[in-house]
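K.L.:
I am attaching a structure below and will ask some questions about it afterwards.
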């Protein structure tokens with residue numbers, strides 16, 4: 001009787017096991033191949049299209065090696081390249097030390113109001129890159145509020161430098177904050193016991209542990225500056241740079257071959273920076289051991305006052321710039337009628353795209369955040385937490401890191417050259433909202449992927465082993481265990497993708513149609529049309545939307561995190 005009871009039970013378990021194995025195979029292997037296909041279409045093919053377009057000697061293409069040699073040997077190219085390098089180096093030299101001091105104040109001192117200062121420092125992330133330039137026009141332009149404080153107007157070299165410094169500051173700050181947050185208190189205790197002063201401890205402990213991050217921040221600021229055309233198009237004046245030349249060649253002159261060649265030139269500094277940064281990471285090794293103790297700064301009146309003054313000055317400058325942009329958007333007619341009005345927010349009465357552009361940006365940001373976070377986090381899970389397919393995993397990891405070394409302007413050009421080809425079956429996507437979402441996800445893929453992998457690597461592989469031993473499908477374990485545990489990182493990815501989609505302009509500038517015009521692109525169009533007040537209003541709307549959604553998402557997620565992260569709380573004492 002016992003045997004009769006056992007046989008059906010065994011057969012049932014065998015059937016359940018086989019179904020779970022088939023489900024796992026579809027989830028893991030099928031998911032990886034699908035992700036490879038998506039990355040190939042969204043990342044690899046557009047980049048290959050740039051090189052094909054730039055080096056092709058066919059009519060209407062880049063002109064091949066002859067055209068490339070003529071371009072790089074021309075005096076105009078040397079002038080543009082010299083201007084771009086001068087601006088980018090100047091911005092990096094200004095931004096990185098200031099960001100280091102700001103990050104040091106937040107991580108290694110006891111200044112009050114750290115959350116407030118950090119929130120203010122991230123304001124440039126929530127607005128398109130044109131906003132600092134627009135604000136500078138109202139502050140130091142020909143009719144600027146503070147025009148008398150400068151000997152010349154803001155248009156030109158210094159206007160671009162100041163605008164790009166504001167735009168890139170939070171990007172450098174985030175890298176340096178992460179580096180300075182990693183510190184072993186035992187090293188500082190040992191240095192103190194040996195009589196080392198604060199400067200010597202900084203030189204022997206803090207600086208060696210953060211110099212790689214300083215170089216990474218320098219490279220990032222340099223790359224963001226040399227590939228951005230948002231600030232130069234507003235305050236550049238007669239001071240032209242390579243990124244602006246590529247934009248004009250494609251949008252204004254329809255010279256796609258010239259745009260492809262300049263795009264490849266702009267790709268070089270990003271690739272070089274990425275390669276050197278990766279080499280330095282391998283050379284540095286781990287900065288903290290498993291027995292490290294958390295560093296807690298101690299109060300120091302003189303030091304804290306000095307750093308508080310630095311932080312307040314930087315935040316005051318940011319508030320002045322962004323406050324000026326908000327104020328200018330409410331002024332009826334600058335500088336003759338300074339009465340406050342919502343006239344500039346009546347976008348349907350002015351050129352630039354109207355409220356349709358704002359609704360399109362909201363739609364794209366929502367789709368990008370939801371779809372992008374799901375695809376990126378699932379892909380990171382398949383790469384980090386499943387075994388087998390080593391070659392496939394390697395290809396996926398390489399493609400996931402490629403967008404980090406590709407400027408948005410170059411990626412956008414690649415999408416034009418790949419999708420805007422009549423013979424391509426994917427040509428139907430050109431100008432659609434779908435393609436804008438795909439391009440935006442691909443543009444910001446690397447940072448979101450690194451956030452996901454960092455969270456997933458903190459999970460013990462025993463979780464997956466337990467699921468396999470219980471014959472539970474891996475996808476069910478992923479949804480019920482992994483996602484709730486990693487929910488904080490997943491919400492960070494959602495927030496990052498939403499804000500990035502609201503503010504992006506470099507990659508999307510070539511891909512929109514009249515029906516899919518975006519708010520950040522509308523800012524550019526309104527500024528070109530001379531409607532600077534409308535551009536300030538749309539930029540302000542993007543800023544408040546990004547900040548509001550970020551705060552709303554943080555508030556709404558508290559209850560979810562409290563339930564899903566209850567295991568993180570300390571257990572009550574028996």
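The values are calculated or read from the model by the stated rules, or taken from the named source; none is laboratory data. Treat the numbers as computed from the prediction; the structure is a model and nothing was measured. Methodologically, a virtual Cβ is constructed for each residue, glycine included, from the backbone with ideal geometry; neighbour enumeration extends over all protein chains shown.
K.L.:
Using the structure shown, decide if residue 366 is under 25 Å from the mean Cα position of the chain (by Cα), assigned to a helix (DSSP H, G or I), closer than 22 Å to residue 511 by Cβ and in the same structural domain as residue 529 (by the TED database). Reasoning before the result, please.
P.N.:
On the way: under 25 Å from the mean Cα position of the chain (by Cα): yes; assigned to a helix (DSSP H, G or I): yes; closer than 22 Å to residue 511 by Cβ: yes; in the same structural domain as residue 529 (by the TED database): yes.
Spelling it out, residue 366 is indeed under 25 Å from the mean Cα position of the chain (by Cα), assigned to a helix (DSSP H, G or I), closer than 22 Å to residue 511 by Cβ and in the same structural domain as residue 529 (by the TED database).
K.L.:
Exactly one of these conditions fails for residue 95: (1) over 27 Å from residue 308 (Cα atoms); (2) at pLDDT 90 or above. Give me its number.
P.N.:
Among (1) over 27 Å from residue 308 (Cα atoms); (2) at pLDDT 90 or above, the lone unmet condition for residue 95 is (1).
K.L.:
Sticking with this structure for a sec: Would you check if there is a residue in region 434-442 being out of contact with any strand residue (DSSP E or B) (no Cβ under 7 Å at 6 or more places or on another chain), surrounded by fewer than 18 Cβ atoms within 10 Å (Cβ to Cβ) and either more than 27 Å from residue 506 (Cβ to Cβ) or modelled with pLDDT of 85 or more (or both)?
P.N.:
Among the residues of region 434-442, at least one is out of contact with any strand residue (DSSP E or B) (no Cβ under 7 Å at 6 or more places or on another chain), surrounded by fewer than 18 Cβ atoms within 10 Å (Cβ to Cβ) and either more than 27 Å from residue 506 (Cβ to Cβ) or modelled with pLDDT of 85 or more (or both), which makes the answer yes.
K.L.:
Just give me the residues in region 380-423 being part of a loop (DSSP other than H, G, I, E, B) and either modelled with pLDDT under 85 or under 25 Å from residue 31 (Cβ atoms) (or both), in sequence order.
P.N.:
386, 387, 388, 389, 406, 407, 421, 422, 423, listed by residue number.
K.L.:
Being more than 30 Å from residue 170 (Cα to Cα) and touching a residue at least 12 places away in the same chain (Cβ under 8 Å) is true for just one of 395, 380, 369. Which residue is that?
P.N.:
Criteria check complete, one pass: 395.
K.L.:
Quick check: is even one residue across region 353-371 farther than 30 Å from residue 257 by Cβ and modelled with pLDDT under 85?
P.N.:
Yes; the residues of region 353-371 include at least one that is farther than 30 Å from residue 257 by Cβ and modelled with pLDDT under 85.
K.L.:
Follow-up question, since we're still on this one. Please determine whether any residue of region 289-296 is at pLDDT 75 or above, closer than 21 Å to residue 212 by Cβ and assigned by the TED database to the domain that holds residue 181.
P.N.:
no
K.L.:
Sort out which residues of region 398-420 are more than 22 Å from residue 265 (Cβ to Cβ) and surrounded by 16 or more Cβ atoms within 10 Å (Cβ to Cβ), and write them in order of number.
P.N.:
399, 400, 419
So that you can scan it fast, the table gives a plain yes or no per residue for (1) under 22 Å from residue 504 (Cα atoms); (2) at pLDDT 85 or above; (3) more than 21 Å from the chain's Cα centre (by Cα); (4) surrounded by fewer than 18 Cβ atoms within 10 Å (Cβ to Cβ):
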position: 170; (1), (2), (3), (4): yes, yes, no, no
position: 179; (1), (2), (3), (4): no, no, no, no
position: 222; (1), (2), (3), (4): yes, yes, no, no
position: 247; (1), (2), (3), (4): yes, no, no, no
position: 266; (1), (2), (3), (4): yes, no, no, no
position: 270; (1), (2), (3), (4): yes, no, no, no
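K.L.:
Please work out which residue is surrounded by the fewest Cβ atoms within 10 Å (Cβ to Cβ), limiting yourself to region 333-345 and to residues that are without any contact (Cβ under 8 Å) to a residue 60 or more places away in the chain and out of contact with any strand residue (DSSP E or B) (no Cβ under 9 Å at 6 or more places or on another chain).
P.N.:
336
K.L.:
Here are some residues: 356, 330, 318. Which one is more than 30 Å from residue 40 (Cβ to Cβ), in contact (Cβ under 8 Å) with a residue 12 or more places away in the chain and either in contact with a strand residue (DSSP E or B) (Cβ under 9 Å, 6 or more places away or on another chain) or surrounded by fewer than 17 Cβ atoms within 10 Å (Cβ to Cβ) (or both)?
P.N.:
330
K.L.:
Look at residue 231 and say whether it is closer than 15 Å to residue 92 by Cα, modelled with pLDDT of 80 or more and assigned to a helix (DSSP H, G or I). Outline the logic, then answer.
P.N.:
On the way: closer than 15 Å to residue 92 by Cα: no; modelled with pLDDT of 80 or more: yes; assigned to a helix (DSSP H, G or I): yes.
Considered against the rule, which asks whether it is closer than 15 Å to residue 92 by Cα, modelled with pLDDT of 80 or more and assigned to a helix (DSSP H, G or I), residue 231 comes out as no.
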